[in-house]
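Comments concern the structure below.
The values are calculated or read from the model by the stated rules, or taken from the named source; none is laboratory data. Because the structure is predicted, anything quoted here is derived from the model rather than measured. Cβ coordinates were reconstructed from backbone atoms using ideal geometry, including for glycine residues, and neighbour counts include every protein chain displayed. Quick note on the areas: whole protein, heavy atoms, side chains included, nothing else; ligands and nucleic acids left out. Shrake-Rupley method; radii C 1.70, N 1.55, O 1.52, S 1.80 Å.
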Amino acid sequence: MSQKDTEKNKRKKKKGTGLIVVCVTLLILLFAVLIILIWQISRVGNGETVGFGGKTGNTQAVSQNTPSVTQEAALTSSSGSEANAEEVQTQAQTEAAQAESAAGQTQAAGQATMMEPQTYENDANGNMIVPERQAGSMETEPAWEYVLEKTGDSVLDDANYLAAMYDYDGAIAKIQSVSGYESNAAYTAAIADYEQRKSEAVVYADNSTIPHIFFHTLVVDTSRAFDDNIAISKQDGMNKVKDYNYVMTTVDEFCRILEEMYTRGYVLVSIYDVASYETQADGTQVMKHQPIYLPEGKKPFVLSVDDVSYYEYMTGHGFASKLVVGEDGTPTSEYTNSDGSLSYGSYDVVPILDDFVETHPDFSYRGAKGIIALTGYEGIFGYRTSDFWYNSNCDYFDQYFSWNLENNLKKKQTMYQPNPNIEQDKESAKQVAQACRDDGWLFASHTWGHNKVGDSGSYERFESDSRLWDREVKPLLGDVDIIIYPQGEDLYEGSWRGYDPANQKYQLLKELGFSYFCSVDSNLGWTQLGNEYFRMGRANVDGQRMWEAISSYVDPSSGAKDRLSALIDSRLVFDWSRPTPVTK
């Protein structure tokens, strides 16, 4: 072989070796990238859980288990699309993490930031290791940091708090109530600041588009509420897991919802801020939209919470058991731990929202909170106050249910036991109601028996139910002029065109003092203003709606819709300790 051929072979061997090295290097790099991606996905899937203790400072964990979706679990959206649920979870959480990061980078300068998500380690089985709740705590340390700096001057701090709630006149009056305030430089500077902010506030453009969102009692312990062996109704033996998963919201989700809406510039307003009666020149009263003065870019919304009665079938299922008056005089929750011990703190919508407004006063317009919608058949706030069901000496049972007396007598005998402490429970309920009112909350009828009010039922039943709520619930609450219809049904077919003053049901409700009527509407911002009434559609923010929203991103062709996108990113909020898919 010639020297020339030898050199040629050497070059071929060298070239072949080089190609092998390049291929091996690329394979190593590809394998490293794959490992990093798997690690990142596992972090998103297992590490982002936020816990808020609110008034119970030691209650840090609200979701008791981590996502436990197997590869065989299938997503079935409301539109019928199917996909692997584990892939859905991973994809949704990865996109959510990216969205959250982008939102944090673009947050407006000077705006209060959200708390960093709290993370916990996982055990060998992939379950989150969380601190256990301690019984009997009544701590009042909020879970969120205050967005206002304290000055050390109680008058100035109180005035700043009022101004943060857009009550600039109240803030000015607070300082001017101090003798000699004119000579205090800090006071006069504060007044000048409040007046400047007041001059910059603008009237919200269109009250008819203000959204109204609602919740039910919050799931505290997902390991009980979503356990088929635990969430069984003691009355009828029915499994409640699907119901809880479909229409309830977890504490973790509710906290995230508040944070995200706050970051997006939403401000909680009263339904009375949206529309109220105005006296005309002739002395008549006409319902009118009211001006809402907010800084440019802020968006008002109304909030309500249904069924704050803590029904008997929910006992032991991981929900709060009643509302009580806390040591500070504000409403707080009683919660029964899995071992039977009691804790007191922020375990439901009312105290959690109170905590958030306390630390974020600019989330509330002049102290507004929400609307508490109450039935009556099992009492209110967790107290068994209904004489109809719990007082064996009730003298008006026949009067109200003569139309179906035999059936209701059987129901009363088989489902409920007399409450020997009914009078004390009534007094306790009154105290809770007053504490809620003092705290800025409003009340609404949710009908006495949680009955549909539309054409599916007779007028006789509607009248009996309405008058029974007026007799048993109203005396515990005081005057109530808001009714929130249960089960999504309005008064009668075609009523969306406007209530007919001659309609018999409408006339009865007006006779009983109602002027605000709220139904369920999947679309945000439906309202109707009449001379004698104001109507609002309410959008549910729950497992059903959030799962539908997530499904719309996973499979855009499925027909699923994200009806909550103007309020929240459901991928950031959804609690993956829920069973998936979320189906009815």
Tell me, in nm to one decimal, what length is gained between Thr209 and Ser223 on full extension, where the rule is 0.36 nm per residue of separation less the Cα-Cα distance?
1.2 nm
Within 11 Å, Cβ to Cβ, of Leu374, how many net charges do the neighbouring residues add up to if Lys/Arg are +1 and Asp/Glu are -1?
-3
Is region 240-294 best put as rounded, prolate or oblate by its Cα gyration tensor, with a ≥ b ≥ c the root eigenvalues, rounded for a/c under 1.5, and otherwise prolate when a/b is larger than b/c, oblate when not?
oblate
Per 10 angstrom bin, beginning at 0 and ending with the bin that holds the maximum distance, the Cα pairs of region 305-373 fall in percents of 20, 48, 26, 7, 0
Just order 451-461, 544-554 by mean Cβ neighbour count inside 10 Å, highest at the front, would you?
544-554, 451-461
Taking only the Cα atoms of region 468-512, how large is their convex hull per residue, in Å³?
94
Placing each pseudo-label 7 Å from Cα in the direction of the beta carbon, Glu296 and Asp438 end up separated by a distance in nanometres of 4.2
Taking 0.36 nm per residue of sequence separation and subtracting the Cα-Cα distance, how much length would be gained by fully extending the chain between Ser338 and Ala186, in nm to one decimal?
49.5 nm
Extension gain from Glu406 to Ser522, taking 0.36 nm per residue of separation minus the Cα-Cα distance:
37.9 nm
Bins of 10 Å, beginning at zero and ending with the bin holding the largest distance: percent of Cα pairs per bin for region 298-432, please.
11, 34, 31, 17, 7, 1
Assign unit charges at the C-beta atoms only (+1 for Lys and Arg, -1 for Asp and Glu), then state the dipole size of region 456-538 relative to its Cα centre in Debye, rounded to the nearest 20.
100
Counting heavy atoms of the protein chains only and a 1.4 Å probe, report the per residue accessible area for region 437-584 as a whole number of Å².
37
Loop-only check: which chymotrypsin sites (Phe, Trp or Tyr not before Pro) in region 334-387 are DSSP coil with at most 16 other Cβ within 10 angstrom?
none
Give a quick list of GluC sites (Glu not before Pro) in region 180-237 that DSSP marks as loop, anything other than H, G, I, E or B, with at most 16 other Cβ atoms within 10 Å.
none
Positive minus negative residues near Val251 (Lys, Arg vs Asp, Glu; Cβ under 11 Å):
-4
Karplus 3J(HN,Hα) series, Hz, for region 308-314 with 6.51 cos²θ - 1.76 cosθ + 1.60 (x for Gly, Pro)
7, 10, 6, 4, 4, 5, 8
